[in-house]
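Below: one structure, written as structure tokens.
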Amino acid sequence: MKAKIFRNALLVCVLVLTTSMPGHVRADEAQKTTQPSIYDEFADGSKQIADALPRAQKEGKHILLQFGANWCGWCHKLHRLFDTDQSIAEELESHYVVVMIDVNKEHNKEVDLKYGHPTRFGLPVIVILDSNGRQLTTQDTGKLEEGDHHNPDKVLAFLKEWAHKELAGQSPVIDQVTQATDFVGKWTNKDFQTRDITRVYIRQDGDTAIVHEWGRCHPKECDWGEATVTQKGSALSVAWQPGFAVEIQELTLLADGSLQVTTHTHFTDNSGRKDYDTKDIFAKGVVHDWSDPTPK
């Protein structure tokens, strides 16, 4: 009986101490629950951008996409800086339409991929679009940090630098494809011994450019399928998701009429493999039987 009474008394003491002792964990949890949400976790990022375009065009402003999540402390820091620093707030009000894109738990993943997977730099990350929705630049906000905060001068300098920049007088790449059909066509890798991309076919479907790619496999090519390209300066950008990685490609035309495809591969399978880049050169209209390893 005494042992039972002692155990009960000990349990009461433990409960009293546990409930009365302040702790960092509980304080942190309280802070998390009281911290206001700055991202709409249910919003469709594509629709958010589409809704921002009419205002940007009417007011002659660029669109600033801030990719982040409500759990991201640095996202809240940047958002507070945008609100509390008068010079930054005025610059944003005068020259930008700000759109907060939530990427929590791969939400709006297709938006991230559309703009070249900017979240690979971490959160928050900024993408600037012109009033027509054309991507102008991506900014790794880690480069704007100083100690435990974002440097206001660096942030303001970045905003001022891109407030009036355009694509050097160029039309959107899709317009270039429509008018000059430079990218449209069937392209074959000049290196017949390649272990990478073998063919790239680019076609136009209305106002959209579509790329179809194949890769080297045995005994015949692997069909990667089709993807929609987006404009990035004077190049085309396309994202592929083979399941174990995200591959971001940039397609550019060289002076000799060749097509250059630069691919950045970021592994997502927790294998520990490092990112890597490849570069392939393609000729237009060349035919090659890729089931035969020897050049024709």
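The values are calculated or read from the model by the stated rules, or taken from the named source; none is laboratory data. Just so we're clear, the structure is a prediction, and the values are computed from it rather than from any experiment. With ideal geometry, Cβ positions are generated from the backbone for all residues, glycine too; neighbour counts draw on all protein chains shown.
In table form, for the structure just shown:
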| quantity | calculated |
| --- | --- |
| Single residue of region 173-187 satisfying the filter (crowded, with 21+ Cβ neighbours inside 10 Å and within 20 Å of Lys279 (Cα to Cα)) that is modelled with the lowest pLDDT | Phe183 |
| Filtered residues of region 71-81 (kept if in contact (Cβ under 8 Å) with a residue 40 or more places away in the chain and part of a helix (DSSP H, G or I)) | Trp74, Cys75, His76, Lys77, Leu78, His79, Leu81 |
| Number of the exception - His107 against (1) over 26 Å from Gln241 (Cα atoms); (2) assigned by TED's automatic domain parsing to the domain that holds Asn151 | (1) |
| Region 130-148: number of residues that are farther than 13 Å from Ala56 by Cβ and either of a type outside the set (Ser, Thr, Tyr) or more than 17 Å from the chain's Cα centre (by Cα) (or both) | 10 |
| Unmet requirement for Ile49, which otherwise passes all of (1) crowded, with 21+ Cβ neighbours inside 10 Å; (2) part of a loop (DSSP other than H, G, I, E, B) | (2) |
| Matching entry among Thr265, Thr228 (being without any contact (Cβ under 8 Å) to a residue 24 or more places away in the chain, buried (at least 18 other Cβ atoms within 10 Å of the Cβ) and among the polar types (S, T, N, Q)) | Thr265 |
| Complete set of residues in region 142-157 that are in contact with a Lys or Arg (Cβ under 9 Å, 6 or more places away or on another chain) and in a helix (DSSP H, G or I) | Lys143, Leu144, Lys154 |
| Contacts under 9 angstrom Cβ, first residue in region 95-111 being basic (Lys, Arg), partner surrounded by 15 or more Cβ atoms within 10 Å (Cβ to Cβ) and modelled with pLDDT of 95 or more, 6 or more apart | Lys105/Ala69; Lys109/Val103 |
| Check on Thr84, exposed (fewer than 12 other Cβ atoms within 10 Å of the Cβ), modelled with pLDDT of 95 or more and more than 24 Å from Arg134 (Cβ to Cβ) | yes |
| Residue ID - surrounded by the most Cβ atoms within 10 Å (Cβ to Cβ), chosen from residues in region 89-128 that are in contact with a helix residue (DSSP H, G or I) (Cβ under 9 Å, 6 or more places away or on another chain) and part of a loop (DSSP other than H, G, I, E, B) | Pro124 |
| Within region 200-225, tally of residues that are under 20 Å from the mean Cα position of the chain (by Cα) and either more than 29 Å from Asn132 (Cβ to Cβ) or surrounded by 18 or more Cβ atoms within 10 Å (Cβ to Cβ) (or both) | 2 |
| Those residues of region 244-262 which are over 15 Å from the mean Cα position of the chain (by Cα) and in contact (Cβ under 8 Å) with a residue 12 or more places away in the chain, in sequence order | Phe244, Leu251, Thr252, Leu253, Leu254, Gly257, Ser258, Leu259, Gln260, Val261, Thr262 |
| Residue within region 251-272 that is outside the structural domain of Gly122 (by TED's automatic domain parsing), in contact with a Phe, Trp or Tyr (Cβ under 6 Å, 6 or more places away or on another chain), in a strand (DSSP E or B) and under 26 Å from Pro118 (Cβ atoms) present | yes |
